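Report on one structure; see the data block that follows.
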Amino acid sequence: PPVDTSLRAQGLGITLLRDRARVTFSTDTGKVPATLFTPADMRVMKASTRMALIPDPENISGTKATAPTIPDGNANTGEPQCDLTTENPRLYIAEADVLMDGTGEPDDENRLNRPAIIIGGYYRGATQQCYYRVDFKRGESLIDVLRNHSYNITVTAVNGPGEDTPEEAYNSIVASIDATITIWEDIDNDVAFDGANWIAMPRHISLPGNAGAEASVQFSSNVPLSTWEMAWGDKNATWESLNFVTSDKLVDAKNLFAVQFVTGDDGSTMLTVTTLTDLPDDTESLTRQLYINVTPRLRVVVNVVQSSADSAGGHTPWDDQTVHGTV
């Protein structure tokens, strides 16, 4: 029989859970200017050497990893590293057992056996590089390295020179730099910093062609949502030309989309976009931009696309938590 081309394709959602974690780096330049500390490189010492492509079901809750899946034959001898002078420096590492059956105390008997982050840089204009250790911690307690998580380090204070070598920094118990580690459950979230504040939010949202379709994305920020300003616009709009409002719901002036922040029972907040009209039969896609002023210095643009070929499926976001540590 002939195919009815007027029928819109139905999206098939497939959830993907990545097999590794990400480590990113930034410096709070308002507190740590380049004259005080200039970062040079980052590595994870005693990183896992093997990864499990498929996690143990007992270590997964829903679409989130709750414990690392460590394959047989793994050894904590890896040392991946990256150059911090490049744009958006990052490492991708395998899951790791940081707790090692301990209670989460950083100075327990496995201090010199577990994975740890080493930051290298130049203190107060020195010509010789020095190094600092950062443990994977939340507050004062250690945490495991989990798949699909992004561990985002921000140096917030430098209190003195570090050690002469990465090995000496790993073995050191002296805390010379303060750092926070913010952990996101969504690696695909684009992360923006202004030095003191940050936001992690996807920059692209796709919806199917029918009216009433919804797409929700998880985001996180250290800036209260009540202070954000939003405006709908075209891709060539200037920030100065837009009429920003402070609201948890905003309808596009072209009546194409509506955006709303929805808080769940668990306290998490989602950005939900709804299509308001059917996509015309002679149109493949419609696009609008959601402009968000998080702070006067921290701005993001989210591209919202309604398409007849869109799939409702997608990736699994990378997990969000906040971790504090000292280097």
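A few points about this structure:
- Members of the stretch 246-268 found to be surrounded by fewer than 11 Cβ atoms within 10 Å (Cβ to Cβ) and touching a residue at least 12 places away in the same chain (Cβ under 8 Å), listed by number: N255
- Test: R90 is under 21 Å from the mean Cα position of the chain (by Cα), closer than 23 Å to P166 by Cβ and modelled with pLDDT under 95: yes
- Residue tally, condition at pLDDT 90 or above, surrounded by fewer than 15 Cβ atoms within 10 Å (Cβ to Cβ) and under 19 Å from the mean Cα position of the chain (by Cα), over the stretch 200-224: 0
- Among the candidates A237, A253, A196, A258, the residue that is in contact with a Ser or Thr (Cβ under 6 Å, 6 or more places away or on another chain) and among the hydrophobic types (A, V, I, L, M, F, W, C) is uniquely A258.
- Across the stretch 275-289, the qualifying residues are those that are among the aliphatic types (A, V, I, L, M) and in a loop (DSSP other than H, G, I, E, B), and the one among them that is modelled with the lowest pLDDT is L279.
- Counted residues, the stretch 33-89 - those being over 21 Å from A126 (Cβ atoms), assigned to a loop (DSSP other than H, G, I, E, B) and among the small types (G, A, S): 5
- The residues in the stretch 191-231 that are within 24 Å of S26 (Cβ to Cβ) and either assigned to a loop (DSSP other than H, G, I, E, B) or without any contact (Cβ under 8 Å) to a residue 12 or more places away in the chain (or both) can be counted, and the count is 11.
- Close pairs from the stretch 269-296: first within 21 Å of V217 (Cα to Cα), partner assigned to a strand (DSSP E or B) and among the basic types (K, R), Cβ under 8 Å, at least 6 apart: Y291/R299; I292/R299; N293/R299
- One residue stands out in the stretch 223-245 among those that are touching a strand residue (DSSP E or B) at 6+ places or on another chain (Cβ under 6 Å) and of a type in the set (G, A, S): the one that is nearest to A196 (Cα to Cα), namely A231.
- Condition met for R18 (basic (K, R), touching a residue at least 12 places away in the same chain (Cβ under 8 Å) and not in a strand (DSSP E or B)): yes
- Residues that are polar (S, T, N, Q) and assigned to a strand (DSSP E or B) were ranked within the stretch 137-186; the one that is surrounded by the fewest Cβ atoms within 10 Å (Cβ to Cβ) is S141.
- Residue match in the stretch 119-141 (condition: touching a Lys or Arg at 6+ places or on another chain (Cβ under 7 Å) and assigned by TED's automatic domain parsing to the domain that holds I183): no
- Scanning the stretch 141-152 for residues that are in contact with a Gly (Cβ under 8 Å, 6 or more places away or on another chain) and farther than 14 Å from P68 by Cα turns up just one, S141.
- Scanning the stretch 68-84 for residues that are surrounded by fewer than 17 Cβ atoms within 10 Å (Cβ to Cβ) and closer than 13 Å to R147 by Cβ returns a single hit, P71.
The values are calculated or read from the model by the stated rules, or taken from the named source; none is laboratory data. Here the structure is a predicted model, which is why all the values come from computation and not from measurement. As a convention, Cβ positions derive from the backbone with ideal geometry for all residues, glycine included, and neighbour counts pool all protein chains shown.
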